[in-house]
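The values are calculated or read from the model by the stated rules, or taken from the named source; none is laboratory data. Just so we're clear, the structure is a prediction, and the values are computed from it rather than from any experiment. A quick note on method: Cβ atoms are made from the backbone with ideal geometry, for glycine too, and the neighbour counts reach across all protein chains shown.
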Amino acid sequence: MRVLIRLDANAEIGMGHLVRSIAIAEKLRALYEDSNIIFLTGNDTLSINELTKHKFDFFLKVEESEESFIERAVHSFDAQVIFIDKLYPYKKEFIIKLKNRIKVIMFHNICEGGYFSDSFILPAPHVSNEIINDIKWKNGIVKFYEGFKYIVLNPDILKLNRKSTENKIFKIVITTGGSDPAGVMLKILKWINDFSNDYDIEILALIGAEFKDKENLNKIKNKLNRKITIKSFDVNEFISADLVISVFGVTVYELMFLGLPVITIGHCSKNALGSRGLARKYSATIDLGDINSFKKDFFFKKVSCLLIDSERLRQISRRAGMLIDGKGSLRVAQIIYQACK
């Protein structure tokens, strides 16, 4: 059984696609001894190092179109399935042509071609009901899977115990992704520095490995009060949090799995739509919207209300912990395996 996995990951777009696809590939390799998995990806050092560490083969994109790269890979390997976890506007004609050679499973990327794949997996409960109930999923061409049960979590998160203790001092953890290209962390740190002196709290800012603006981060470090600590990103730090402030993305679902109350922030208007959609549909997170559309006073008001509303935090934590069971990688691996038969 040979499977091709198409994705891109780098400091600009983050490493989320790679982390979750490796989790799926690891599950395939553990469950099915005949699995032979080849990653199709860009020539990025971060990706290559990570794939090498996990002992996966890879096939690199050169100066060519997306369609040409996939066609070259499919012609180069006798594979049964291609699993595509890449945000790209694949066209109907291309996917139909591809299906003449190989089974096509698409993950998350809603585009014209997705409706004509063999299987489409949507691990994004925050999307609108109009998208989920679109008649095109019911045209008999594609098998459609959606919802919380297909969310693939970082294996390091799955090893942690869900939150069960309370701290003597209220602890807020801030995370804004691996590279934070929109500068969300710096803005929050400046705001919360003024705010934190009025409350009995401690604040931990987790900085991603590829954080882009280290120069300005170093400049403001000495201006922060003693209640604020800055550390390199470490999932273990989440366990002791009473509240997490996070840019909307896969990390939010991981925090929900741990049963943590999360304030979600969009780093752009499109990202903010997901943040709002998740909060409105499930009441298991607190959405602040697009960080470019609100100011410090609004942020102060929202956070301070939560600091004195322990019952609301407990309710949010309870709802969040009930939605995700952490078995998404297993379910996706089983869909891939069934397609190979």
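Overview of results
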item: Output for the stretch 139-189, where each listed residue is of a type in the set (Phe, Trp, Tyr) and in contact (Cβ under 8 Å) with a residue 40 or more places away in the chain; result: TYR145, PHE148, TYR150, PHE170
item: Neighbours by Cβ (under 8 Å, 6+ apart or cross-chain): first from the stretch 47-63, closer than 17 Å to VAL3 by Cα and at pLDDT 95 or above; second acidic (Asp, Glu) and buried (at least 16 other Cβ atoms within 10 Å of the Cβ); result: HIS54/GLU26
item: Single match in ILE102, ILE132 (criterion: touching a strand residue (DSSP E or B) at 6+ places or on another chain (Cβ under 8 Å), surrounded by 17 or more Cβ atoms within 10 Å (Cβ to Cβ) and either within 30 Å of GLU67 (Cβ to Cβ) or touching a residue at least 40 places away in the same chain (Cβ under 8 Å) (or both)); result: ILE102
item: Test for ASP242: is it crowded, with 16+ Cβ neighbours inside 10 Å, modelled with pLDDT under 95 and either under 20 Å from ALA23 (Cα atoms) or of a type outside the set (A, V, I, L, M, F, W, C) (or both); result: yes
item: Conditions (1) of a type in the set (D, E, K, R); (2) at pLDDT below 90; (3) in contact with a Leu (Cβ under 7 Å, 6 or more places away or on another chain): number failed by GLU146; result: (2)
item: Where a residue in the stretch 14-32 is among the basic types (Lys, Arg) and its partner, wherever it lies, is assigned to a helix (DSSP H, G or I), with Cβ under 7 Å and at least six apart; result: ARG20/VAL250; LYS27/SER329; LYS27/LEU330; LYS27/ALA333
item: Those residues of the stretch 220-235 which are touching a Ser or Thr at 6+ places or on another chain (Cβ under 9 Å) and in a strand (DSSP E or B), in sequence order; result: ILE228
item: Output for the stretch 108-123, where each listed residue is not polar (S, T, N, Q) and not in a loop (DSSP other than H, G, I, E, B); result: GLU112, GLY113, GLY114, TYR115, PHE116, PHE120, ILE121, LEU122
item: ILE316 being among the hydrophobic types (A, V, I, L, M, F, W, C), assigned to a helix (DSSP H, G or I), over 18 Å from the mean Cα position of the chain (by Cα) and not assigned by TED's automatic domain parsing to the domain that holds GLY177; result: no
item: Positions within the stretch 178-215 being acidic (Asp, Glu), closer than 30 Å to LEU18 by Cα and modelled with pLDDT of 85 or more, in sequence order; result: ASP180, ASP213, GLU215
item: Residues of the stretch 124-160 satisfying the condition of being assigned to a helix (DSSP H, G or I), closer than 17 Å to MET106 by Cβ and either in contact with a Gly (Cβ under 7 Å, 6 or more places away or on another chain) or polar (S, T, N, Q) (or both); result: TYR150
item: The stretch 53-79, subset surrounded by fewer than 17 Cβ atoms within 10 Å (Cβ to Cβ) and of a type in the set (Gly, Ala, Ser), residue farthest from TYR90 (Cα to Cα); result: SER76
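Yes/no matrix, rows are residues, columns are (1) in contact with a Ser or Thr (Cβ under 6 Å, 6 or more places away or on another chain); (2) more than 20 Å from ASP34 (Cβ to Cβ); (3) in a loop (DSSP other than H, G, I, E, B); (4) of a type outside the set (Gly, Ala, Ser):
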residue	(1), (2), (3), (4)
THR52	no, yes, no, yes
LYS55	no, no, yes, yes
GLU64	no, yes, yes, yes
SER68	no, yes, no, no
HIS75	no, yes, no, yes
ALA79	no, no, yes, no
PHE83	no, no, no, yes
ILE96	no, yes, no, yes
ILE105	yes, no, no, yes
